[in-house]
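Every number in this text was worked out from the coordinates using simple rules, so none of it is lab data. Remember, predicted model here, so these are calculated numbers, not experimental data. Reconstructed Cβ throughout: ideal geometry from the backbone, glycine too, with neighbour counts over all protein chains shown.
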Amino acid sequence: MPVKIPPKKGLSLGVVGFITAFGIAAFITEQELLLVWIIGIALGFVLYRSGICFASAFRDIFLFRDFSMARVVIILIAISFVGIVIIQAFDTSGGFLEWVYPVGFHTAVGGVLFGFGMVLAGGCASGTLQRIGEGFILFWAVILGITAGSVLGVYHFSWWKNNFFSIDAVFLPDFIGWIPSIVLTLALLGGLNLLAMGIEKRNNSKNGLTEKDLAEKEVKSNG
């Protein structure tokens, strides 16, 4: 008697098979792609299990006075910063400096547009990919919008750059050295985290929430 596979399970097996086949093809074509494949799977798993979303980090501060996701993002930035510093310490080509761009009016316009977009769409780029992986069909339209906006931004970037003022890129270690730059950056991030914790604690006290209530809320939010 043939074994019947439920549709959802069959779809999951199909996705796993596709991902595995892609990894094998990447290894055969170029072994460096295998590392990218592994990192992509690891990042996807972490995003799915943690629910990290930059849109939620900024939106929740103003709509719900909730700083929990903002603190997660601050810690994430701190960890990423340490990792990038380690990579730069062993980088002799100076390739990382090519990604330090000038800022100007175009940066502010892009930030405002992206901020409005991610709040209205209900997710940032990583959050959108996460929702697509969870099966939310609507977010396919969101990712198409992100792609279209990125293409238009690249196409018009030179116009914005040439017609509006900008400030030359600042690479902090060139001015104050590596050690002071690392200490200053981590101190700034730590200060922001402490500030967020203080505001959140004050808001919880006003709302009469205890540590037990917050723990129960965290468990429910994580499923």
Under the 0.36 nm per residue contour assumption, what length would be gained going from the current alpha-carbon distance of Val119 and Asp168 to full extension? 14.7 nm
At Phe22 and Leu152, where each label point lies 7 Å from the Cα along Cα→Cβ, what is the point-to-point distance in nanometres? 2.7
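Could you calculate the FRET efficiency of Ile182 with Trp159 from 1/(1 + (r/R0)^6), where r is the beta carbon distance between them and R0 is 25 Å, rounded to 0.05?
Plugging the Cβ-Cβ distance into 1/(1 + (r/R0)^6) gives 0.10.
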So how far apart, in nm, are the two label points at Phe62 and Phe90 if each is 7 Å from Cα heading toward Cβ? 4.1
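Could you give the length gained by full extension between Ile75 and Leu35, i.e. 0.36 nm per residue of separation minus their alpha carbon distance, to one decimal place?
11.9 nm
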